[in-house]
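The values are calculated or read from the model by the stated rules, or taken from the named source; none is laboratory data. For clarity, every value in this text was computed on a predicted model and none was experimentally measured. Methodologically, a virtual Cβ is constructed for each residue, glycine included, from the backbone with ideal geometry; neighbour enumeration extends over all protein chains shown. Only protein heavy atoms, including side chains, enter the accessible area calculation; ligands, DNA and RNA are left aside. Shrake-Rupley method; radii C 1.70, N 1.55, O 1.52, S 1.80 Å.
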Amino acid sequence: MEITPEALEWREAYKLLIGSILPRPIAFVSTIDVDGTANAAPFSFFTAICADPMLICFSPMRKGKDGAKKDTLVNIENTGQFVINIVSERMAEQMNNCAIEFTPDIDEIVETGLTKEPGHKVKVPRIAESLVHLECELQQVLHFGDKPGSGSLVIGKVVHVHVQDELMDKGKIDTAHLKPIGRMAGNIFTDPLAKTFEMKRK
């Protein structure tokens, strides 16, 4: 089957993307608005860019109803700070509840029963239930359209990292202990450790 993206309605194009690029790690992003109200939301268009400087990126799409910016993006543009909270299996349900479209005055972290802890170098709270936190300052944001299906690329410079002591093993994170989850298509999530294999680079 040959498909021309321009001929697709945006929801059809979105389904092709999320059905092809998987599993996807989840950036559970915490932010604050200009009044200090916290926000938390998951995004599965997320990856690392480079180690020096330590840069990460994630892509919040525009709202499907009217193309408006999501609260996370608005907060980051206004404050220049955010925290990536890595999602472990034990907090999956609460993370998923934060995907509900709450009004901006609602603190999703409190609303979903999660716990706030202060950031070390940023004013944004981190989520205590997460075992790894990447505190970020906004490096750059690029916008690609302003309608439903459009999105932005948020690039953050990691200025501080929190890792639970029990996760560290000889300078590396113990993935089996972290128990991260990934996003598949639709409502399906995955345990990346369910079946793994080793293949050394030649």
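Per-residue ellipticity at 222 nm, computed for the chain from helices alone with -39500 (n - 2.57) per DSSP H run of at least four residues, works out to -4000 deg cm²/dmol. Placing a pseudo-label 7 Å from each Cα along the Cα-to-Cβ vector at residue 115 and residue 185 gives an inter-label distance of 3.9 nm.
Among rounded, prolate and oblate, which fits the stretch 50-114 when a ≥ b ≥ c are the square roots of the eigenvalues of its C-alpha gyration tensor, a/c under 1.5 means rounded, and a/b larger than b/c means prolate? Note, shape of the stretch 50-114 comes out oblate.
Model label points for residue 164 and residue 65, set 7 angstrom from Cα along the Cα-to-Cβ axis, are 3.6 nm apart. Tell me whether the stretch 76-202 comes out rounded, prolate or oblate; compute the Cα gyration tensor, take square roots of the eigenvalues as a ≥ b ≥ c, and use a/c under 1.5 as the rounded threshold. The shape class here is rounded.
Among the GluC sites (Glu not before Pro) found in the stretch 133-200, those both in a DSSP coil and sparsely packed, with 16 or fewer other Cβ atoms within 10 Å of their Cβ, are 198.
Based on Cα contacts under 8 Å between residues 6+ apart, the chain shows a relative contact order of 24 percent. Remark: the residue 141-residue 177 segment gains 9.6 nm on full extension, using 0.36 nm per residue and subtracting the alpha carbon distance. Here the convex hull built on the C-alpha positions of the stretch 131-202 has a volume of 195 cubic angstrom per residue.
Based on protein heavy atoms only, the chain ends up with 60 Å² per residue of surface accessible to a 1.4 Å probe.
Cross-link pairs exceeding 21 Å between alpha carbons, from the set 123/179; 179/200; 15/147; 15/200: 123/179; 179/200; 15/200.
Ranked by solvent-accessible area (1.4 Å probe, protein heavy atoms only, all chains present), the residues 11, 24 order from largest to smallest as 11, 24.
Computed on the Cα trace of the stretch 1-122, the radius of gyration divided by the Kirkwood hydrodynamic radius gives Rg/Rh = 0.99.
The chymotrypsin sites (Phe, Trp or Tyr not before Pro) of the stretch 141-202 meeting both criteria, a DSSP state outside H, G, I, E and B (loop) and at most 15 other C-beta atoms within 10 angstrom of the site's C-beta, are 197.
Amide H contacts of residue 126 (H built 1.01 Å from N, in plane; Pro and chain starts excluded): 117, 119 sit under 5 Å, all sequence-distant by 5 or more or on other chains. For the chain, a crude dipole built from +1 on the beta carbon of Lys and Arg and -1 on the beta carbon of Asp and Glu, taken about the Cα centre, is about 720 debye to the nearest 20. Of 184, 75, 64, whose Cα points farthest to the positive end of the dipole of the chain (charges on the beta-carbon: +1 Lys, Arg; -1 Asp, Glu; origin at the Cα centre)? It is 184. Annotation note: GluC sites (Glu not before Pro) in the stretch 26-134 located in DSSP loop regions with a Cβ neighbour count of at most 12 within 10 Å are 101.
Close amide-amide hydrogen proximity is noted between residue 81 and 138, each under 5 Å apart and 5 or more residues distant or on a separate chain (H modeled in the peptide plane; Pro and chain starts excluded).
For residue 63, the aspartates and glutamates whose Cα falls under 16 Å of its own Cα, not counting residues fewer than eight places away in the same chain, are 9, 12, 71, 101, 146. Taking only protein heavy atoms and a 1.4 Å probe, the accessible area of the chain is 53% carbon and sulfur.
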